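Some notes on the structure that comes next.
The values are calculated or read from the model by the stated rules, or taken from the named source; none is laboratory data. Quick caveat, the model's predicted, so the values are computed rather than measured. Note: ideal-geometry Cβ built from the backbone for every residue, glycine included; neighbour counts use all protein chains shown. SASA here: full protein model, heavy atoms, side chains in, ligands and nucleic acids out. Shrake-Rupley method; radii C 1.70, N 1.55, O 1.52, S 1.80 Å.
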Amino acid sequence: DCFGVVASSHLTRWTKDALIYDSLPERIFIRLDKGEITEREALLLMSKLVNRDPEIVRKEIDSCFKLNMVLVEFIKELRKKGYIIILLSNASHTFFERFVFVEHPWFAKLFDDIIISAAIKMAKPDSDIYLYTLKKNNLKPEDTIFIDDNENNIVGAQKVGIPSILFKDTDQLKSELL
């Protein structure tokens, strides 16, 4: 998982800071994650709620994105040891292309594969996205470990037989993995 594990949950943080989290239409994040609406459409909706220019809102949201550098270093160590590391994220692929890969050009190389939900029109916790990830990477559920900060996503992975860890912090994750 990216947001809440490898990086901060920037969009959730911004909507709470802007005091609009509870005002957002219920399914906006789900629709964004499944690629049903674009990042731009979501941005326009949020900018109307705070009565600010969409570009200002975009910059504010982007500024909330922070990488967990301790976990990034741990991922590098695991890759050196031969582990396959796949990023499976509920997100807008546009955000990654427009911001993450531009601001952190090394980020994509951190993983063996990156699967962004909006790009494939599937989202966690639906079983399809886990099965897609396994098939695309020629993996068996029992040979993988899924890590996420959302309990619903953990349950989704476990339903298809993937052992999972609910992420609380990097120290807890390391102790459960090692």
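A count restricted to segment 29-56 and to residues that are touching a residue at least 24 places away in the same chain (Cβ under 8 Å) and aliphatic (A, V, I, L, M) stands at 6.
Consider segment 143-160 and keep the residues that are in contact with a Ser or Thr (Cβ under 9 Å, 6 or more places away or on another chain) and in a loop (DSSP other than H, G, I, E, B). The one that is farthest from I129 (Cα to Cα) is D149.
A quick yes/no check of all residues on (1) open to solvent by 40 Å² or more (accessible area, probe 1.4 Å); (2) touching a residue at least 60 places away in the same chain (Cβ under 8 Å); (3) farther than 19 Å from E39 by Cα:
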{"position": "H104", "(1), (2), (3)": "yes, no, yes"}
{"position": "F107", "(1), (2), (3)": "no, no, yes"}
{"position": "S117", "(1), (2), (3)": "no, yes, no"}
{"position": "I129", "(1), (2), (3)": "no, no, yes"}
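A search for C-beta distances below 9 Å between a residue of segment 155-171 that is crowded, with 18+ Cβ neighbours inside 10 Å and any residue that is assigned to a loop (DSSP other than H, G, I, E, B) and small (G, A, S), counting only pairs 6+ apart in sequence or on different chains, returns F167/G4.
When A123 is tested against (1) aliphatic (A, V, I, L, M); (2) outside any loop (DSSP other than H, G, I, E, B); (3) out of contact with any Gly (no Cβ under 6 Å at 6 or more places or on another chain), only condition (2) is not met.
Selection of first residues in segment 75-96 that are free of Cβ contacts under 8 Å to residues at least 24 places away in the same chain and of second residues that are assigned to a helix (DSSP H, G or I) and open to solvent by less than 50 Å² (accessible area, probe 1.4 Å), restricted to Cβ pairs under 9 Å at least 6 apart or on distinct chains, gives the following pairs, ordered by first then second residue: Y83/I75; F96/F107; F96/A108.
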